[in-house]
Amino acid sequence: MRTLKLGLLGCGVVGQGLVKLLKKHHDDFKRNGFDLKLTHVAVKHPQKAREVDLSHVHVSADPVALAKTADIDILVEVMGGRELALEAGVAALLRGIPVVSANKAALARGLSRYIEAAKEKGAGLAFESACAAHIPIIEALDRSLACEEISVIKGVVNGTTNYILTLMERAGLTFDAALADATAKGFTEADPSLDVDGIDAAEKLTLLVFKAFGQYVPPDQFHTEGISRVTKADMALAQALNHRIKLIAGARVVDGKLNASVHPALIHKGELLADVDSEFNAIIIEGPAFKELTFLGKGAGQLPTASAVLNDVVKFARGNPTPALPGFVKAHPLPLAHAPTKHLAYCYFLRLKVLSNGIVDGVVSFLETQNVKVLSRAFISNGDGEYLGLITDVVKESRLNHLLNTLKRVDGVLEDPAFIRLDKDNYRDIVELEQRAYFGSSLER
Ligand code: HSE
């Protein structure tokens, strides 16, 4: 029976989950002809009390020293942070030690260095848990979809923001109360602004883009917007317009160029993504051969993440090589040029705080004289004031910004209008289908 010695960097929420699972599955490992023994742990505060017993493990405070010198067969990195984690991971790979990492921040920023080190020594690098926790999307892209032409990959990939939006919308919690609840449940990053500002989702998108399109686009190179500008009025208006708001990370090929972005989006209630709630994540892949493929599962939390880490460890223990690079060169000539979000066109949701519903027709006809068709409208009055919500047909973002600058000066518009992109640019078709179902006729074009 082979016994593999594990080194663990970090023993917070996920690390402790892994220690519990190693104990729980100990007999399963043996049934499959190997054993896993945690021998070394590096943590910031070695003396801190933990819910797991580390008394038989060598505990230190230096992750890089562990990675460089410890007698281990697999390094597991769940410590978070960037530079130190990257240095430790690369050091282990350069010793030929396979690395399992849940650290999207370090991976997304240092991917080239990890890959070079892994290639140099032929060491495996696995990071299933770094992207959408328990959804096996990395393995699917690496292997099951290796030869697939992919045109779109998108979804809800941050559990914390999805949990916050769900609780605000469905349970009426304030943003702060929902965030505190997400933190108590172990969903948030050590610095929750990484979740709220969309950075965590952007890091995961970098990993998805790398696996789906074979292209490394660091997270700071695409449009990233979090949920802090989403208001209760937005949620109520979206609801009235038959939509829900989700933080969507997505990449797509538009006219031969790659667009990647993270931003809140209105999702029509008929779409599967609209029903992905709480800490669940979902990823949708589109391609010409198969049209659409959906993955749904828990995207945050101790056991979903630790379990994905353990499955990566077991892959190595069973001798499955995990390629560091996409194994197959895709149909797109590499690298694809970047298509910035602000140069693209979307359908938009607009939110205007207004004096009264007397100005609604004026706002709509102003937009229509500017050739921006309004497809749906809703009006709400909450304790805070009167709000108009509109959904426009497809319009270029630069042009929309220009029009909003004019709209904010219209009498009766009380504050700067805000917009949220729609997830789909075929909203007109959806409106038509709804109208047909309702009235039995199509909308006038
Ligand atoms: N903070 C992350 C999230 C944890 O909420 O999705 C899982 O990556």
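Based on this model, can you work out whether K211 counts as open to solvent by less than 30 Å² (accessible area, probe 1.4 Å) and among the basic types (K, R)?
Yes, satisfied.
Would you be able to say whether some residue in segment 102-112 is modelled with pLDDT under 95, open to solvent by 20 Å² or more (accessible area, probe 1.4 Å), assigned to a helix (DSSP H, G or I) and more than 26 Å from G319 (Cβ to Cβ)?
For segment 102-112, residues modelled with pLDDT under 95, open to solvent by 20 Å² or more (accessible area, probe 1.4 Å), assigned to a helix (DSSP H, G or I) and more than 26 Å from G319 (Cβ to Cβ): present.
So how many residues does segment 304-321 have that are closer than 18 Å to F29 by Cα and within 16 Å of the ligand (Cβ to nearest atom)?
7
What single numbered condition from (1) closer than 16 Å to K246 by Cβ; (2) in the same structural domain as V217 (by TED's automatic domain parsing) fails to hold for I135?
That leaves (2) as the condition not met.
Residue-wise test of (1) more than 9 Å from the ligand (Cβ to nearest atom); (2) in a helix (DSSP H, G or I); (3) among the hydrophobic types (A, V, I, L, M, F, W, C).
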residue	(1), (2), (3)
T161	no, yes, no
T166	yes, yes, no
A177	yes, yes, yes
G186	no, no, no
D191	yes, no, no
K204	no, yes, no
L208	yes, yes, yes
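For V52, indicate whether it is open to solvent by less than 60 Å² (accessible area, probe 1.4 Å) and in a loop (DSSP other than H, G, I, E, B).
yes
Within segment 316-339, is there a residue that is at pLDDT 80 or above and touching a Lys or Arg at 6+ places or on another chain (Cβ under 7 Å)?
yes
Considering each of R409, R436, R428 in turn, give the residue that is of a type in the set (K, R) and in contact (Cβ under 8 Å) with a residue 24 or more places away in the chain.
On inspection, the qualifying residue turns out to be R428.
Can you report the number of residues in segment 212-239 which are in contact with a Pro (Cβ under 9 Å, 6 or more places away or on another chain) and part of a helix (DSSP H, G or I)?
Summing the residues that are in contact with a Pro (Cβ under 9 Å, 6 or more places away or on another chain) and part of a helix (DSSP H, G or I) in segment 212-239 gives 3.
Does segment 82-91 contain at least one residue that is within 16 Å of the ligand (Cβ to nearest atom), in a loop (DSSP other than H, G, I, E, B) and either open to solvent by less than 10 Å² (accessible area, probe 1.4 Å) or hydrophobic (A, V, I, L, M, F, W, C) (or both)?
No: segment 82-91 contains no residue that is within 16 Å of the ligand (Cβ to nearest atom), in a loop (DSSP other than H, G, I, E, B) and either open to solvent by less than 10 Å² (accessible area, probe 1.4 Å) or hydrophobic (A, V, I, L, M, F, W, C) (or both).
Among the residues that make up segment 241-253, is at least one of them basic (K, R), away from the ligand (no atom under 15 Å from the Cβ), at pLDDT below 95 and part of a strand (DSSP E or B)?
There is at least one residue in segment 241-253 that is basic (K, R), away from the ligand (no atom under 15 Å from the Cβ), at pLDDT below 95 and part of a strand (DSSP E or B).
I need the full set of residues from segment 355-399 which are among the aliphatic types (A, V, I, L, M), open to solvent by 60 Å² or more (accessible area, probe 1.4 Å) and farther than 17 Å from D411 by Cβ, in order please.
Hit for segment 355-399 is V394, nothing else.
Any idea how many residues of segment 95-105 are of a type outside the set (K, R) and over 16 Å from L8 (Cα atoms)?
Selection size over segment 95-105: 2.
Could you figure out which of (1) touching a residue at least 40 places away in the same chain (Cβ under 8 Å); (2) surrounded by fewer than 21 Cβ atoms within 10 Å (Cβ to Cβ) isn't true of E292?
Every condition holds for E292 apart from (1).
Regarding E149, is this residue away from the ligand (no atom under 16 Å from the Cβ), assigned by TED's automatic domain parsing to the domain that holds P288, touching a helix residue (DSSP H, G or I) at 6+ places or on another chain (Cβ under 8 Å) and among the acidic types (D, E)?
no
Kindly evaluate F290 against the criterion of being at pLDDT 90 or above, within 16 Å of the ligand (Cβ to nearest atom) and aromatic (F, W, Y).
no
Take the conditions more than 10 Å from the ligand (Cβ to nearest atom), among the aliphatic types (A, V, I, L, M) and either in the same structural domain as G110 (by TED's automatic domain parsing) or modelled with pLDDT under 95 (or both) and apply them to A212. Does it pass?
Against the criterion (more than 10 Å from the ligand (Cβ to nearest atom), among the aliphatic types (A, V, I, L, M) and either in the same structural domain as G110 (by TED's automatic domain parsing) or modelled with pLDDT under 95 (or both)), A212 qualifies.
The values are calculated or read from the model by the stated rules, or taken from the named source; none is laboratory data. Treat the numbers as computed from the prediction; the structure is a model and nothing was measured. No Cβ is skipped: glycine too gets one built from the backbone with ideal geometry, and neighbour counts run over all protein chains shown. Each accessible area value is taken on the protein alone, full model and side chains, heavy atoms only, with ligands, DNA and RNA left out. Shrake-Rupley method; radii C 1.70, N 1.55, O 1.52, S 1.80 Å.
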